[in-house]
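Below is one structure, written out as structure tokens; comments come after it.
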Amino acid sequence: MASRTKLTDTATLELYRVALENAETQPEISAIMADLGYDSAVIAEGKALLTKTRTAYDANKTEDDETSAAYADFSSKKEQLEDTFNTHRKKAKVVFRNDSLTADKLAISGVMPRTYIKWLEAAKKFYSVASADTAVQGKLARLKISVDDLTAANTIISELEVARAIYLKEKGESQDATKGKDAAFAKIDDWMSEFYAVAKIGLEDNPQLLEALGKTIRG
């Protein structure tokens, strides 16, 4: 059998499924394994562990897919706000280049914050202040930033915050599902390790039968 560490989860699940199925249904293998304590009842225990592992794997895969989708949505909205805010911020810096008080009020003085939280706070402040100040709106209108543009940007911010919350939720659920999957695999790996150790003893003189369980004898 190939090393477990070199097999994918799906390959491992299939390997174990075939091994247990053949151990139960091939008469010669079944008789030898039963004599060594692996009768149908014990094989059923292994199959039950395998079913739990498959369920844990499927749940983890689902959570991973949901996390990927949530991240894609978050990333798309973040990129949308970045493009909008970058353009509006550059225009506003021109409009208020000689009005440091308003520039500070709009949080556009200095360089653009790099960290996500500080960047988002800067965007929120810019759009909330601009949306509430008609004098600012009048000056921004000179460079084609309308009230509707400001409203749309505030909407994007709200959608972005929701998308990030969903992404972080899905990410946490995916991490929990990964732990569950890993725990399930640890149990079935341990069970199958003993199963193969016993099979190697019982089927040592029948390498072709051992191969039916996915294991080969070396040397």
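To the nearest ten degrees, helix 9-25 and the longest principal axis of the Cα atoms of the chain are 20 degrees apart. Note on segment 143-219: with charges restricted to the Cβ of Lys and Arg (+1) and Asp and Glu (-1), its dipole about the Cα centre is near 140 debye.
Which peptide among 52-58, 24-30 comes first, and what is the full order, when sorted by highest mean count of other Cβ atoms within 10 Å?
Top of the packing list down: 52-58, 24-30.
For A19, what is the net charge nearby, where nearby means another residue's Cβ is under 11 Å from its Cβ and Lys, Arg count +1, Asp, Glu -1? Once positives and negatives cancel, what remains is -1. When the chain is treated as a Gaussian network with alpha carbon springs shorter than 10 Å, the biggest mean-square fluctuation among K118, K169, K77 belongs to K118.
Accessible surface comparison of R97, R114, R164, R17, probe 1.4 Å, protein chains only, largest first: the order is R114, R97, R17, R164. Mean silhouette area of segment 132-219, derived from the convex hull of its C-alpha atoms and averaged over all directions, reads 11.7 nm².
Centre-to-centre separation between the Cα atoms of segment 156-219 and those of segment 35-90: 13 Å. Mind grabbing the base-10 log of I(q)/I(0) for the chain at q = 0.15, 0.16, 0.18 Å⁻¹? Debye formula, identical points on the C-alpha positions, no solvent, two decimal places. Once normalised to I(0) and log-transformed, intensities are -0.92, -0.99, -1.13.
Mind pulling the angle between the C-alpha long axis of helix 40-95 and the longest principal axis of the chain? Nearest 10 degrees, somewhere in 0 to 90. The angle comes out near 10 degrees. Over the residues of the chain, the helix contribution to mean residue ellipticity at 222 nm works out to -27500 deg cm²/dmol, using -39500 (n - 2.57) for each DSSP H run of at least 4. When the residues D35, D133 are ordered by accessible surface, computed with a 1.4 Å probe over the protein chains alone, the sequence from largest down reads D35, D133. Each residue was assigned an accessible area with a 1.4 Å probe, and for K78 the value is about 50 Å². Projecting the Cα atoms of A41, Y167, M112 onto the charge dipole of the chain (Cβ charges, centred on the Cα centre) puts M112 farthest toward the positive pole. Pairs of Cα atoms in segment 115-174 fall into 10 Å distance bins, from 0 up to the last occupied one, in shares of 21, 42, 24, 10, 3 percent. Relative to the longest principal axis of the Cα atoms of the chain, the long axis of helix 147-202 lies at roughly 10 degrees. Within the assembled protein chains, the solvent-accessible surface assigned to T134 is about 110 Å², based on a 1.4 Å probe.
The share of accessible area on segment 10-213 that comes from carbon and sulfur is 53 percent, using a 1.4 angstrom probe. Note that segment 203-212 has calculated 3J(HN,Hα) couplings of 10, 4, 8, 10, x, 5, 6, 5, 5, 5 Hz, one per residue in order, obtained from phi through the Karplus relation 6.51 cos²θ - 1.76 cosθ + 1.60 (θ = phi - 60°); glycine and proline are x. Summing Cβ point charges (Lys, Arg +1; Asp, Glu -1) relative to the Cα centre of the chain gives a dipole of roughly 1960 debye.
The values are calculated or read from the model by the stated rules, or taken from the named source; none is laboratory data. Treat the numbers as computed from the prediction; the structure is a model and nothing was measured. Using ideal geometry, Cβ is built from the backbone for each residue, glycine included, and neighbour counts are taken over all protein chains shown. The accessibility values were calculated without ligands, DNA or RNA, using every heavy atom of the protein model including side chains. Shrake-Rupley method; radii C 1.70, N 1.55, O 1.52, S 1.80 Å.
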